[in-house]
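The values are calculated or read from the model by the stated rules, or taken from the named source; none is laboratory data. If you're wondering where the values come from, they're calculated on a predicted model, not measured in any experiment. All Cβ positions, glycine included, derive from the backbone under ideal geometry; neighbour counts span all protein chains shown.
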Amino acid sequence: MYPMTNWNSKVCYRWCSSNLRVDSLQLSGVDPDGSGEQIVKLETAKEGPTMLVTFDTNVWNRMVFPERYLRSPNYAALVRINNAIRSGLVRGFICESFGTLEAIKPTDRAKFHAQSTPKVEVASKPQGSGLVSMTIGIKANHDLHPGLSGEFEEELRQALSIGMKLLSTPYIGLPVPARLRSNPDIYAPEVFATADYDERFGSVVNAIVSRGVGQGAHVALAKEFTERLDAARPEWLSDRELIYRVYEYARKSNLNKEKKQIEKVFAESADGDVVAAHVAFGNDFLCTEDRGGSAIGPSIFDDNNRTWLKTTYGVKILTAQQLSDLV
């Protein structure tokens, strides 16, 4: 699938290590109109168990700076969730896909993923008596990743400062921005404790792909493009390369339908990883405002797949307002 040549290959994993770090947490009041009134106020910790919540990007990047969304209908909910994380009532998590995929400009994603095949290194070593041992190494080409934008960097820094942690998307050969790769302590330490998280993540990803959503949307779209070719598709032409070539042709030829199709399947791919990370870690709630309405076809967050997620994995999906009502 993702780390391999074709999108429908088996999922694989990468490893790294981490030490637990507890960040000091501070909150400064916000006085937008100079009235002396603080809009964001820190609440004291409440009694009861800590909620484990996975946040989609469309919630967490607003929630960390609620004062920037004073006119938003869910401003109060964002403030309440922010306070709940600071106080320890909610333990918040962000999926790594925000950095590995969403941080790349939509117009650059097809090219990036066509190029981001793993590096394969083969080394041989004599063992005596005419025997030779060979070692095959598969490494990500991290230099391909452009890194986080200034906006994402600021939002991530704020998210970490209030106590949030990242959940990995453990694919072999996945380019990871240096900001994440060089700081393993920003991840939840549990994801590196054993192989269990990786195994669960891979299992869920494969199940999502089999439904044609998440990264399975790439497989479905590549199939559609293949059926539209004038000639037989060459065996060497991977799903990634096909999608990239169609995207470039659509961009140059002003074929907006195909261009938007491809951009949206990358967004769907990121959503699938959020769900897989959520299930693999075993969190209580997944907070998102996405209902799959902007997808080109079936979406992991549409009503049908929400029902499947709840039935199969017990996933409970809440909006920011619904989560706020619980805290």
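The residue that is farthest from ILE136 (Cα to Cα), counting only those in segment 74-85 that are more than 22 Å from the chain's Cα centre (by Cα), in a helix (DSSP H, G or I) and touching a residue at least 12 places away in the same chain (Cβ under 8 Å), is ALA76. Selection of segment 107-139 for residues being within 27 Å of THR54 (Cβ to Cβ) and either loosely packed, with under 15 Cβ neighbours inside 10 Å or more than 31 Å from the chain's Cα centre (by Cα) (or both) yields only ASP108. Return yes or no: is VAL327 among the aliphatic types (A, V, I, L, M), in contact with a strand residue (DSSP E or B) (Cβ under 9 Å, 6 or more places away or on another chain) and under 21 Å from GLU190 (Cα atoms)? No: the conditions fail for VAL327.
Looking at segment 280-288, is at least one residue part of a helix (DSSP H, G or I) and at pLDDT 95 or above? The answer is yes, given that some residue of segment 280-288 is part of a helix (DSSP H, G or I) and at pLDDT 95 or above. If you take the residues in segment 191-205 that are within 16 Å of GLN215 (Cβ to Cβ) and among the β-branched types (Val, Ile, Thr), which one is surrounded by the most Cβ atoms within 10 Å (Cβ to Cβ)? Per the criteria, the residue is VAL205.
Within segment 225-236, restricting attention to residues that are of a type outside the set (A, V, I, L, M, F, W, C) and outside any loop (DSSP other than H, G, I, E, B), the residue that is farthest from LEU174 (Cα to Cα) is GLU227.
When GLU96 is tested against the conditions (1) out of contact with any strand residue (DSSP E or B) (no Cβ under 6 Å at 6 or more places or on another chain); (2) of a type in the set (Asp, Glu); (3) touching a residue at least 12 places away in the same chain (Cβ under 8 Å), the lone failure is (1).
For segment 229-246, a tally of residues being surrounded by fewer than 19 Cβ atoms within 10 Å (Cβ to Cβ) and of a type in the set (Phe, Trp, Tyr) returns 1. Close contacts from segment 48-73, counting a first residue that is free of Cβ contacts under 8 Å to residues at least 40 places away in the same chain and more than 17 Å from GLU96 (Cα to Cα) and a second that is of a type in the set (S, T, N, Q) and crowded, with 22+ Cβ neighbours inside 10 Å, with Cβ to Cβ under 9 Å and a gap of 6+ residues or different chains, come to PRO66/ASN82. Would you confirm whether any residue within segment 260-283 is surrounded by fewer than 23 Cβ atoms within 10 Å (Cβ to Cβ), touching a strand residue (DSSP E or B) at 6+ places or on another chain (Cβ under 9 Å) and among the polar types (S, T, N, Q)? Yes: one or more hits. Scan segment 289-314 for residues that are outside any helix (DSSP H, G or I) and either of a type in the set (Gly, Ala, Ser) or surrounded by 21 or more Cβ atoms within 10 Å (Cβ to Cβ) (or both) and the total you get is 10.
Restricted to segment 211-228, and to residues there that are within 16 Å of the chain's Cα centre (by Cα) and aliphatic (A, V, I, L, M), the residue that is surrounded by the fewest Cβ atoms within 10 Å (Cβ to Cβ) is VAL213.
Has segment 86-99 got any residue that is assigned to a loop (DSSP other than H, G, I, E, B) and closer than 23 Å to GLU268 by Cβ? Checked against the condition, which is being assigned to a loop (DSSP other than H, G, I, E, B) and closer than 23 Å to GLU268 by Cβ, segment 86-99 yields at least one hit.
Being more than 11 Å from PHE98 (Cβ to Cβ), modelled with pLDDT under 95, surrounded by fewer than 18 Cβ atoms within 10 Å (Cβ to Cβ) and not hydrophobic (A, V, I, L, M, F, W, C) holds for only one residue in PRO146, PRO175, and it is PRO146.
Residue check: is ALA207 more than 21 Å from ALA103 (Cα to Cα) and in a loop (DSSP other than H, G, I, E, B)? Taking the combined requirement at face value, the residue does not satisfy it. For segment 237-256, taking the residues that are assigned to a helix (DSSP H, G or I) and among the aliphatic types (A, V, I, L, M), the one that is nearest to the chain's Cα centre (by Cα) is identified as ILE243.
Scanning segment 241-263 for residues that are touching a helix residue (DSSP H, G or I) at 6+ places or on another chain (Cβ under 8 Å) and closer than 30 Å to VAL315 by Cα yields GLN261, ILE262, GLU263.
Inclusion of LEU25 among residues that are under 23 Å from PHE281 (Cβ atoms), at pLDDT 85 or above and of a type in the set (A, V, I, L, M) is not warranted.
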